[in-house]
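A short worksheet on the structure shown next.
Quick note: the coordinates plus some simple rules give every number you see, no bench work behind them. Predicted, not measured: the structure shown is a model, and the values here were computed from it. We place every Cβ from the backbone using ideal geometry, glycine too, and count neighbours over all the protein chains shown.
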Amino acid sequence: MRKWAFFLCCLFGITVSIIIASNFSLNKHRHYVKKSTIEWLDNPRPINTFTLMSDLGKFNNHSLDRHWTIVLFGYSKCADICPTSLFQMSLLAQQLSEQEVAHPINFVFVSVDHERVSIKNLGYFVKYFNPNFVGVSGSKRQLTALTDSLGIQFNVSKTGQNYTVAHSILLSIIGPKGELRGRFSPGFSAANIADELLQKMAISAVL
């Protein structure tokens, strides 16, 4: 019963968010979409040793080797921003899947609220947006090992019946050597971000 309640709540929130996000793709709303938003680092930043869990098993530094990875932080019970960002990420994944690239591109959603969702249900949640998306999470200490490297902040506070989750709203780009290469914010044009990524990947491939 709890499982079905979880799915129904997620489905309702996701559906509403997708409707909202879809409106941004309409011609009359295109002036709201950012044209170029990737902030590339001059020097790639090494990532601390970390280990999280997905429904497929451990997710750690070795999981980042030999491919590009785009990472989004959030939580599955988020009513609007996280599902909307995941929907936008799915559009980006679709754009990139139509191109030939030297290294595959993985998309990862990191839940900072591990106490209120199981790893299994987190996997169901992210795969609603794209069957290839990976959902991972861990304890606060495990999460901090990764967030510190990526410049991401998060806080989960519980006071009585109140439960508040706050986190940075950024998508991090990790290169095939497992280093932070850049980041961008939601509200982007999937086509433009895909073009920028492909250009950077092509340059990196010949260096």
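I need the peptides 156-163, 135-142, 51-58, 80-87 ranked by packing, meaning the mean over residues of other C-beta atoms within 10 angstrom, with the highest value on top.
Peptide ranking by packing, descending: 80-87, 135-142, 51-58, 156-163.
What is the Cα centroid distance between the stretch 147-165 and the stretch 42-74, reported in whole angstrom?
20
Beyond a 23 Å Cα-Cα separation, which of these cross-linked pairs lie in this structure: Lys120/Lys140; Lys127/Lys158; Lys140/Lys177; Lys58/Lys140; Lys77/Lys200?
Violating the 23 Å Cα-Cα cut-off are Lys127/Lys158; Lys140/Lys177; Lys77/Lys200.
Work out how much length Glu39 to Asn162 would gain on full extension: take 0.36 nm times their residue separation and subtract the Cα-Cα distance, in nm to one decimal.
On the way: separation 123, 0.36 × 123 = 44.28 nm, distance 3.54 nm.
Stretched fully, the Glu39-Asn162 segment lengthens by 40.7 nm.
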